[in-house]
Amino acid sequence: MRFLRVLFGRRSRSRDGLVLAIVLSAVGTAAITVIVNSVADRPINSEIDFAKLVMFVLATALSVGGQSQTLDMSSALAERLLQSLRLRIAERVRHADLATIERVGIARIYTTLARDTAVLSEASALVMHGAITSIAMVLTGLYVAWLSPFAFAVVAILFAATVYFYRVSQRNSRAALLAAGDAETDYLGRFRHLLDGFKEVKMHQRRADDLQQVHLAMQSALTQDLKRAASRRINYGLSISHLSFSLLLATVVFALPQHLESRETAVKVTYVVIFLLSTLNVVMRALPMLIKANLALDSLDRLEADLAAGGHGPELLAASPGSEFDLIELNQVVHSYRDGDGRSQFTVGPCSLTIRPGEVVVLVGANGSGKSTILRLLTWLYEPHSGVVLWNRRLVDHANVADYRTLFSAVFSEFHLFDRLYGLAEVGEERVNALLADLGLADRVKFAAGQFSTLELSSGQRKRLALAVALLEDRPILLLDEFTADQDPAFRERFYTRILPDLRAAGKTVVLVSHDPNPYGVADQVLTMRDGRIVDPQTAPEPPCHGSE
C-alpha cells in the first residue's frame, strides 16, 4: 500500500478533492446497483417509475463524473510525484561523486528512472479504478446487510475467505516480480553493449553471435521465465478469487434462499453478488499493479540511497565565478580502485606535484599508469583516499571544492559533447564560430540559435569541438587528456607550436596527458608515471608513443 500512502500522504486540497471524487464515484456506482435492484422485480406492465429513473440518471452522473474527476486528479498527483522523483534523482546525481556514479552505473540509473517512473504513471489510473470499485463493493455489502443480516453474514464470511486465500496465494508474488525486474535490468544492460558497440559487433561475426545467441538470448530467456513465473503467481491468485466468488454465487443461488424470509430478498442478494463478481476483475487487475508500483517506489528509493551514499551537499553550493590561483599542490594523494567486495585492485599514489599559473605541465607514461586518475584527483572528481590537495596553500574540501573546480576546464579522454553551450548563454554566435574556424571546424559544424549544427564528427574533430567549448569557458587551467592522439599531423603541429604558446601567453595553465615526452619543447614540467606513481624520468622506461589512457 505504499504507493497509496505516497499518493495520499500529504494533506492538500488536491488530495482531499481526489478522496471526495473517489467516494462520490463509489457512492454513485453502488447507488446504481441499489436502484436497479429496487425495480428489477416490478411487474412487466407497470408504469415507469420516473422518480427512480431520475435517481438512476443522477447516480450515473455521480459515478461517471466522479470517476472522470478521480482519473484526472490522480493523474495530476501521480505526475507531480514523478516530477519530484525525477528532479530529486537528478539532484542526487549532481551531488554524487564520480566514484559513486561509476559504482552505481549509468545503465542502472537510466533504466531505473525510465522503467519505474513509467510503471508509476501507468499505475495511477488502474489503482484508482480499483479504489472506486472496492468502496462500491463495501457499500453494496452494507446494502446486503440492510436486506438481510443473515445473508450479509454468509457473504461476508465467504468474501473474507476469498481475501485470505488470495493473500496466501500472493505471498511470494512480490519476490517473483522483483526477480523478474532485476533480470530485465540485466538484459537491458547487456543490450546496451549491442548499441554502444554496434560498429565492433558488425565487424566481428563471432562476437556478434556470442553476444546475441548466448548472452542476450540466455538473459532474455531468464527474464521470460521469471516474468512467466510472476504472472503465474498473480494469475493463480486471480483463479483463486474467481473460484471463491463462484462458490459465493452458488451459495447465494442454491443454499441461501431457503433460509431467507422472501424470494424477493434472495433475488436482490443474488443481483448484488453478481454485481460484486462483475467488478472483481477491476480490483484483481489493480492489485498486481499496486504491487508493481510499490516495487517501483522501492527501486527508486534504493537508487536514491545509493546515489546519496556518495554525495556531499556542500559541494553544490553556488560557486563564485572567476576563481584565481597562485599555487596548486597535490601532496601524497592516493586513490585505490576496488572490486565489488572492497578489495583494492590498483592504487594510484602516493603522488605529489605542484602547478603554477602559466605553466604547461605534461604527464607521460604507459597506458594504465594512472595519468587520467591524476587529473581526476587534481579536479577532486575523485576525493583522495589519503593525502591532500592544496589551493593557494588552503586545503580543498567539501566546503570549497565548488569554487575550486571553477579553476578548471577539461577535455577528458572519455568526454561528452553537449549540443548546446549550457551555462554559457552570454557567449555570442560570432565568437563561437570564429573559434570553430580557428580550430579547423568551420566546414563541418556551425553554431546558431544556441546550438551546434551537428555532433556527427570524427574522433579528432569531436575533441577539437570539446576544446572549443573548454576555451569558451575561459578558466585559468585547461586539462587535456590525450587530446592530440586522434589529430592529424598538421593540426597536431599547429596545436603545439601556436595554440599552446598562445594559451601560455594569455596566462593559462595547461596540464596535458600525452605519450609525447616534450613535444616541440613546450613543457615547463614533464612528469613520468609508472604503476600509479610519479617517478624519476631517468629511471622510468620509455613510454609507448601511441594509444590512450
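The values are calculated or read from the model by the stated rules, or taken from the named source; none is laboratory data. Keep in mind the model is a prediction, meaning the values are calculated, not measured. Counting neighbours? That spans all protein chains shown, and the Cβs are built from the backbone with ideal geometry, glycine included. These accessible areas exclude ligands, DNA and RNA; they are computed on the full protein's heavy atoms, side chains included. Shrake-Rupley method; radii C 1.70, N 1.55, O 1.52, S 1.80 Å.
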Checklist entry - PRE reach from residue 301 (point 7 Å along Cα→Cβ): which of segment 88-107 fall under 17 Å by backbone N? => result 88-89
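For segment 486-527, report the convex hull volume of the alpha-carbon atoms normalised per residue, in Å³, without decimals. Please list the in-between numbers first.
Details: hull volume 3.2 nm³, N = 42.
Each residue corresponds to 76 Å³ of Cα convex hull volume.
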Checklist entry - Tell me, in nm to one decimal, what length is gained between residue 457 and residue 444 on full extension, where the rule is 0.36 nm per residue of separation less the Cα-Cα distance? => result 3.9 nm
Checklist entry - Applying the Karplus parametrisation 6.51 cos²θ - 1.76 cosθ + 1.60 with θ = phi - 60° to the phi angles of segment 282-298, what ³J(HN,Hα) value in whole Hz is obtained for each residue in order, glycine and proline being reported as x? => result 5, 5, 5, 6, 6, 5, x, 5, 5, 4, 5, 5, 4, 5, 4, 5, 4
Checklist entry - Extension gain residue 356-residue 502, at 0.36 nm per residue separation less the Cα-Cα distance, in nm? => result 50.9 nm
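With a 1.4 Å probe and all protein chains left in place, how much of the accessible area of the chain comes from carbon and sulfur atoms, in whole percent? Write out the running numbers ahead of the final one.
Values: 16390 of 28540 Å².
Carbon-and-sulfur percentage of accessible area, whole number: 57.
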Item to check | Calculated FRET efficiency for the pair residue 261/residue 14, C-beta based, R₀ 35 Å, to 0.05 | outcome: 0.15
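Subtract the Cα-Cα distance of residue 79 and residue 395 from 0.36 nm times their separation in residues, and report this length gain in nm to one decimal. Display every interim value, and only then the final one.
Working: separation 316, 0.36 × 316 = 113.76 nm, distance 4.38 nm.
The residue 79-residue 395 span can extend by a further 109.4 nm.
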Item to check | Karplus 3J(HN,Hα) series, Hz, for segment 441-447 with 6.51 cos²θ - 1.76 cosθ + 1.60 (x for Gly, Pro) | outcome: 10, 4, 7, 10, 9, 10, 10
Checklist entry - Between residue 164 and residue 473, what is the spin-label point distance in nm, taking each point 7 Å from the Cα along the Cα→C-beta axis? => result 6.6 nm
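Counting heavy atoms of the protein chains only and a 1.4 Å probe, report the per residue accessible area for segment 328-403 as a whole number of Å². Numbers along the way, then the final one.
On the way: 3060 Å² over 76 residues.
So segment 328-403 comes to 40 Å² accessible per residue, rounded to a whole number.
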Item to check | Computed E for residue 520/residue 209 - FRET, C-beta separation, R0 51 angstrom, nearest 0.05 | outcome: 0.60
Checklist outcome for this item: Expected sort for 26-32, 437-443, 425-431, 327-333 on mean C-beta neighbours within 10 Å, highest first, is 26-32, 327-333, 437-443, 425-431
Item to check | Phi-based couplings in Hz for segment 373-390 (Karplus 6.51, -1.76, 1.60; Gly and Pro marked x) | outcome: 5, 4, 5, 5, 6, 4, 8, 6, 5, 9, 6, x, 6, 8, x, 9, 10, 10
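I'd like to check one number: the per residue accessible area of segment 100-199, probe 1.4 Å, reported in Å² as a whole number.
Using a 1.4 Å probe on heavy atoms only, each residue of segment 100-199 averages 53 Å².
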Checklist outcome for this item: Residues meeting the amide H criterion for residue 359 (H placed from the backbone, H to H distance under 5 Å, 5 or more places apart or on another chain) are 510
Item to check | Backbone N within segment 258-288 under 13 Å of label point (7 Å from residue 150 Cα along the Cβ vector) | outcome: 258-263, 265-266
Next on the checklist: Taking 45 Å as R0, compute the FRET efficiency from the Cβ-Cβ separation of residue 494 and residue 191 and round it to 0.05.
Outcome noted: 0.60
Checklist entry - Quick one: Kirkwood hydrodynamic radius for segment 251-295, alpha-carbon pairs, angstrom, one decimal? => result 12.4 Å
